[in-house]
1. Quick check, is residue 96 in contact (Cβ under 8 Å) with a residue 12 or more places away in the chain, surrounded by 21 or more Cβ atoms within 10 Å (Cβ to Cβ) and among the charged types (D, E, K, R)?
2. Scan 79, 72 and give me the residue that is closer than 23 Å to residue 153 by Cβ, assigned to a helix (DSSP H, G or I) and touching a Ser or Thr at 6+ places or on another chain (Cβ under 7 Å).
3. When residues of region 21-48 are filtered for being open to solvent by 70 Å² or more (accessible area, probe 1.4 Å) and in a loop (DSSP other than H, G, I, E, B), how many remain?
4. Which count do you get for residues in region 165-199 that are closer than 30 Å to residue 122 by Cα, among the hydrophobic types (A, V, I, L, M, F, W, C) and surrounded by 13 or more Cβ atoms within 10 Å (Cβ to Cβ)?
5. So which residues in region 1-20 are open to solvent by 30 Å² or more (accessible area, probe 1.4 Å), of a type outside the set (A, V, I, L, M) and within 16 Å of residue 116 (Cβ to Cβ)?
6. Could you pull out the residue among 138, 109, 153 that is of a type in the set (Gly, Ala, Ser), open to solvent by 40 Å² or more (accessible area, probe 1.4 Å) and within 25 Å of residue 188 (Cα to Cα)?
7. In region 115-135, which residues are touching a residue at least 40 places away in the same chain (Cβ under 8 Å) and hydrophobic (A, V, I, L, M, F, W, C)?
8. Quick check, is residue 103 more than 16 Å from the chain's Cα centre (by Cα), surrounded by fewer than 19 Cβ atoms within 10 Å (Cβ to Cβ), assigned to a helix (DSSP H, G or I) and not aliphatic (A, V, I, L, M)?
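The values are calculated or read from the model by the stated rules, or taken from the named source; none is laboratory data. Everything numeric here is computed off the predicted structure, so don't read it as measured data. Don't worry about glycine lacking a Cβ; one is built from the backbone with ideal geometry, like all the others, and counts go over all protein chains shown. Just the protein is used for accessible areas: all its heavy atoms, side chains included, with ligands, DNA and RNA removed. Shrake-Rupley method; radii C 1.70, N 1.55, O 1.52, S 1.80 Å.
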Amino acid sequence: MVFFSLILGALIGVPLAICLVTTRPSGLLENKRVYQIINPIINFVRSLPFIILLFSLHSFTYFIVRTSIGTTAAIVPLTFYVAPYIARLVENSLLEVKSGIIEAAESMGATPVQIIWHFMLPEAFSSLILTFTTATIGLIGATAMAGAIGAGGIGDVAYSQGYQRFDDTVIYICVVILVIAIQIVQSIGNYLARKARHE
């Protein structure tokens with residue numbers, strides 16, 4: 001669930017982030033109308049708690065994958081959940097790129113696509129690694145929540161084997177597993193980001 005949701009969310013979120021950065025006021029392709037459409041949509045979806053998003057996409061999920069229960073079905077709302085999250089995080093990473101680098105690229109005659117691909121994305125690479133680390137951690141938490149309503153995974157174990165059977169030990173074990181998993185993901189992300197910065 002985490003892997004496929006992250007991939008699909010990135011395929012949606014990264015282009016949205018690039019669109020936000022380039023069409024914003026003083027952006028490479030400044031377009032006030034496009035920016036004012038995309039920006040509030042991302043804010044709206046991000047403001048929805050995952051459990052609400054999960055229920056509200058029930059019919060759409062069934063239309064896409066012909067089921068609304070299980071691991072495959074959970075990927076649809078998880079993708080919708082993480083895509084705007086990734087978009088906002090990637091936007092922040094790209095905005096951290098120094099304006100001097102962009103100005104230098106423009107002075108060399110680089111097109112907006114070349115500036116994004118050859119200057120902005122490589123310059124923000126270490127920050128982007130941390131961005132996807134944060135997104136992965138958020139997805140792990142969301143998949144645990146989805147598991148509590150039939151999507152499988154550790155959330156399902158905690159709910160069906162722990163909560164419903166009044167077995168606190170199972171719940172505590174699930175908590176420990178989640179904490180360990182998140183610590184591993186964060187450590188790997190930090191390591192890769194340091195390597196990207198050549199530290």
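1. Taking the combined requirement at face value, the residue does not satisfy it.
2. 79
3. So the count comes out to 4.
4. Residues in region 165-199 being closer than 30 Å to residue 122 by Cα, among the hydrophobic types (A, V, I, L, M, F, W, C) and surrounded by 13 or more Cβ atoms within 10 Å (Cβ to Cβ): 7 in total.
5. 15, 19
6. Among 138, 109, 153, only 153 is of a type in the set (Gly, Ala, Ser), open to solvent by 40 Å² or more (accessible area, probe 1.4 Å) and within 25 Å of residue 188 (Cα to Cα).
7. 115, 116, 120, 125, 129, 130, 132, 135
8. Spelling it out, residue 103 is indeed more than 16 Å from the chain's Cα centre (by Cα), surrounded by fewer than 19 Cβ atoms within 10 Å (Cβ to Cβ), assigned to a helix (DSSP H, G or I) and not aliphatic (A, V, I, L, M).
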